[in-house]
1. Restricting the search to the stretch 220-250, which residues are touching a strand residue (DSSP E or B) at 6+ places or on another chain (Cβ under 7 Å) and assigned to a helix (DSSP H, G or I)?
2. Tell me, which residue of the stretch 162-184 that is of a type in the set (Gly, Ala, Ser) and closer than 18 Å to residue 194 by Cα is surrounded by the fewest Cβ atoms within 10 Å (Cβ to Cβ)?
3. Identify the residue in the stretch 119-170 that is outside any helix (DSSP H, G or I), β-branched (Val, Ile, Thr) and touching a residue at least 12 places away in the same chain (Cβ under 8 Å) and, among all such residues, is nearest to residue 224 (Cα to Cα).
4. Give me a count of the residues in the stretch 171-191 that are of a type in the set (Gly, Ala, Ser) and in a loop (DSSP other than H, G, I, E, B).
5. Can you tell me which of (1) assigned to a helix (DSSP H, G or I); (2) over 17 Å from residue 90 (Cα atoms); (3) free of Cβ contacts under 8 Å to residues at least 12 places away in the same chain is the one residue 217 doesn't meet?
6. Report, by residue number, each residue of the stretch 192-218 that is over 15 Å from the mean Cα position of the chain (by Cα), closer than 27 Å to residue 121 by Cβ and aromatic (Phe, Trp, Tyr).
7. If we scan the stretch 99-117, do we find a residue that is within 16 Å of residue 238 (Cβ to Cβ) and in a helix (DSSP H, G or I)?
Amino acid sequence: MELKLKIDEELCTACGICEKVCIRDNIVVDEFAHETGNNCFECGHCMAVCRTGAITLKSYEDHEDRISEYNPREIPVEYDDLLQLLKQRRSIRWFKDKKIDKTTFDKLFEGAYYSPSAQNEQDVEFVVLDEKLNDFMKLVYDIIKVEENQFFRIKEFGDYLRDNTTKEFHPLLWSGKQLILTFSSDKTSAVIANTRLELLAYSLGLGGFYSLFILKADEIDHERLMEFFPEIDKNKHMYSSFIIGYPKVKFKRTIPHKKININYC
């Protein structure tokens, strides 16, 4: 039986909080806390809630620099401030002729680092397309062109690739020069991770928009698409496609949205 936790018996006060927070019944407390070996999936709740720091996850013993204390009674972002950020979020398609550097991308991926995932798999992977963006878009068109009779935008995309002198902007990327793709074995995990990344992007003065047409490449021919990404597990799918950059246009006000239907049952 493989045990996942390292418990310091001298630091443990047997308060029992770790036992109460564990959803897998993997901890019992008598004179001190110890594992039952009952299917721990390393969520880390026991480690995060321990008052004395007596519990650590063995798999993250070399990640001590990622541990930071905080006061759970102090929420670092006020409701009104976060809501205002959400209000100001808009899909951005017109970008400045300036690319995002790696240091800034690293800041964005910090949000994804702390993102939740299904069954705590933590299997979300990202690809930032820059130099190979044009090659990738040619592959995308070659896959999704089977539906160009259904979608005018796909036909327009093909016309642009054959002769880009007839249209000022790319039909799918508009003026975007960089693209973030998110891969995972679980769609929800991928979308949540990229959404967190997106919110951080807006806090740094960046912006972007999602492309469902690019995602069609995975839906239509997953195996062929994944040949472009030999470093990514082929069992994972491309679930998010986010064109990102520095906004060229500044918006000044919100617009009304359709009413959201909410049912309390």
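The values are calculated or read from the model by the stated rules, or taken from the named source; none is laboratory data. Predicted model, so just to flag it, every value in this text is computed and none were measured. No Cβ is skipped: glycine too gets one built from the backbone with ideal geometry, and neighbour counts run over all protein chains shown.
1. If we filter the stretch 220-250 for residues that are touching a strand residue (DSSP E or B) at 6+ places or on another chain (Cβ under 7 Å), which is where we start, we get 222, 225, 229, 232, 236-248.
Matches in the stretch 220-250: 222, 225.
2. Let us first name the residues in the stretch 162-184 that are of a type in the set (Gly, Ala, Ser), namely 175-176, 184.
With closer than 18 Å to residue 194 by Cα added as a condition, the list becomes 176, 184.
Details: 176: 21, 184: 27.
Top of the filtered list is 176.
3. Step one: of the stretch 119-170, the residues outside any helix (DSSP H, G or I) are 121-132, 148-151, 163-170.
Applying the additional criterion that residues be β-branched (Val, Ile, Thr) yields 124, 127-128, 165-166.
Imposing the further condition that a residue be touching a residue at least 12 places away in the same chain (Cβ under 8 Å) reduces the set to 124, 127-128.
Numbers: 124: 20, 127: 17, 128: 19 Å.
The residue in question is 127.
4. So in the stretch 171-191, the residues of a type in the set (Gly, Ala, Ser) come out as 175-176, 184-185, 189-190.
Subsequent filtering for residues that are in a loop (DSSP other than H, G, I, E, B) retains 175-176, 185.
So the count comes out to 3.
5. Of (1) assigned to a helix (DSSP H, G or I); (2) over 17 Å from residue 90 (Cα atoms); (3) free of Cβ contacts under 8 Å to residues at least 12 places away in the same chain, only one is false for residue 217: (3).
6. Passing the criteria: none in range.
7. yes
Every residue, every condition in (1) within 30 Å of residue 145 (Cβ to Cβ); (2) among the aromatic types (Phe, Trp, Tyr); (3) outside the structural domain of residue 139 (by TED's automatic domain parsing), yes or no:
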residue	(1), (2), (3)
222	yes, no, no
229	yes, yes, no
235	yes, no, no
239	yes, yes, no
251	no, yes, yes
258	no, no, yes
261	no, no, yes
264	no, yes, yes
